[in-house]
Amino acid sequence: MTRLRGFTLSELLIAMLLTLFLMTIALTAFSGLSRSVRQTQQLSELQQNAQFLMSLMQNELGNTAFWGGLTSFEQLATAISPAAPEPDCLHDSIDSGSFPQPGIEFISLYAQKITAGRQLNCIPTAIADSELLQLKRLIGRQTSVAELRQNRFYLETSWQHGRFVDVASAGLSDDHYYFPYQHVVFYLQSQRTDNSSLPVLMRKRLTRNAAGRATISTDAVLDGVERMHFEFGFDSDLDGRLDYQLATARVPLALWQDKGSRIVSLTYHVLLRSRLADPEYQNDNEYQLGDERFVAPGDHYRRMLISSTLFFHNATL
């Protein structure tokens, strides 16, 4: 009679230990791979957002101070403009808003530090200690009367003539030049998502609604933009060369109104943050945004700082 021999207790214990050892190695390798994948994904996300943002800034700031050959806004203030949106984005008492008004400055480039309460009369909430940027300029190529779009406003120009119009304005003629006009404000706002707060780059933009009235639309541009800081370059003797730079908070009102100096450059510093936290990562780094410093609060978000400078060559600034 043949006797069947099984495993001894010692052999079973050794097998269990070997299995546990192999599982530990596998779990450690998987955990390390998971951390590596998460880090790679977040760094890739930050790099893609940085490329998008730099392209956006180049497109938005590239036409700054272009007004179809006009070198002064005085003639625009005497022409009849479309009715302004309600509420309009403007700095009370120093800026006329989307369209020029007699006796009030028409500021085409402006920035300010975010303070408590409503900003520019049209932004209910924004991220504290950040900044907003307002632009008014012409965009795109010259347009014929037949190509005017329902949702846009235009600047009509000719020799010593200029007025803001839309597709329903009287007196449109191909004897004039038409350029699409845009009034836009960029700012940062916190939004709730997945039980956390996400900083988002927002945009307020002048449009024309279906009823033909001017309105300010709002849209989210990019998630994960945590801070914006700007520095402006000034030509103090109007020789076309940069003489000095000032951070947003240090620019006096007269310089926004183009009195005594001309803005010839803008340097932007933007701090990007990953959308999701990484529990295995702790960020207590310091980031230098020009003359300002941001210290990460020891949280679990990766960040990336981008900076660039654009120079303006148009006459109205």
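The values are calculated or read from the model by the stated rules, or taken from the named source; none is laboratory data. Nothing here was measured: the structure is a model prediction, and the numbers come from that model. Cβ atoms come from the backbone with ideal geometry, glycine included; neighbour counts cover every protein chain shown.
Below, the figures for the structure above:
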item: Residue selected from the range 249-264 under the condition without any contact (Cβ under 8 Å) to a residue 60 or more places away in the chain and surrounded by fewer than 16 Cβ atoms within 10 Å (Cβ to Cβ), by the criterion farthest from residue 127 (Cα to Cα); result: 260
item: Residue that is among the aromatic types (Phe, Trp, Tyr) and touching a Lys or Arg at 6+ places or on another chain (Cβ under 7 Å), where the choices are 230, 294; result: 294
item: Pairs with Cβ under 8 Å, 6+ apart, first in the range 225-248 and at pLDDT 95 or above and surrounded by fewer than 21 Cβ atoms within 10 Å (Cβ to Cβ), second among the small types (Gly, Ala, Ser) and assigned to a loop (DSSP other than H, G, I, E, B); result: 247/290
item: Residue list for the range 194-207, restricted to those being among the charged types (D, E, K, R) and at pLDDT 95 or above; result: 203, 204, 205
item: Per-region count, the range 88-99, residues surrounded by fewer than 21 Cβ atoms within 10 Å (Cβ to Cβ) and either in contact with a Lys or Arg (Cβ under 8 Å, 6 or more places away or on another chain) or outside any loop (DSSP other than H, G, I, E, B) (or both); result: 0
item: Any hit, the range 83-92, residues being over 18 Å from residue 228 (Cβ atoms), in contact with a strand residue (DSSP E or B) (Cβ under 8 Å, 6 or more places away or on another chain) and of a type in the set (A, V, I, L, M, F, W, C); result: yes
item: When residues of the range 64-87 are limited to those that are hydroxyl-bearing (Ser, Thr, Tyr) and part of a loop (DSSP other than H, G, I, E, B), the one surrounded by the fewest Cβ atoms within 10 Å (Cβ to Cβ); result: 71
item: In the range 40-63, the residues that are at pLDDT below 85 and assigned to a helix (DSSP H, G or I); result: none
item: Test: residue in the range 1-8 that is assigned to a loop (DSSP other than H, G, I, E, B), at pLDDT 80 or above and not aliphatic (A, V, I, L, M); result: no
item: Some residue of the range 109-117 being outside any loop (DSSP other than H, G, I, E, B) and within 22 Å of residue 180 (Cβ to Cβ); result: yes
item: Hits in the range 189-207 - residues which are among the charged types (D, E, K, R) and over 26 Å from residue 111 (Cβ atoms); result: 192, 194
item: Filtered residue count, the range 196-219, keeping only those that are in contact with a Lys or Arg (Cβ under 8 Å, 6 or more places away or on another chain) and touching a residue at least 24 places away in the same chain (Cβ under 8 Å); result: 7
item: Long-range neighbours under 7 Å by Cβ, at least six apart or interchain, first residue assigned to a loop (DSSP other than H, G, I, E, B) within the range 134-161, second surrounded by fewer than 20 Cβ atoms within 10 Å (Cβ to Cβ) and among the acidic types (Asp, Glu); result: 144/174
item: Residue match in the range 100-107 (condition: surrounded by 20 or more Cβ atoms within 10 Å (Cβ to Cβ) and either outside any loop (DSSP other than H, G, I, E, B) or among the hydroxyl-bearing types (Ser, Thr, Tyr) (or both)); result: no
item: Residue match in the range 80-93 (condition: farther than 20 Å from residue 184 by Cα and touching a residue at least 24 places away in the same chain (Cβ under 8 Å)); result: yes
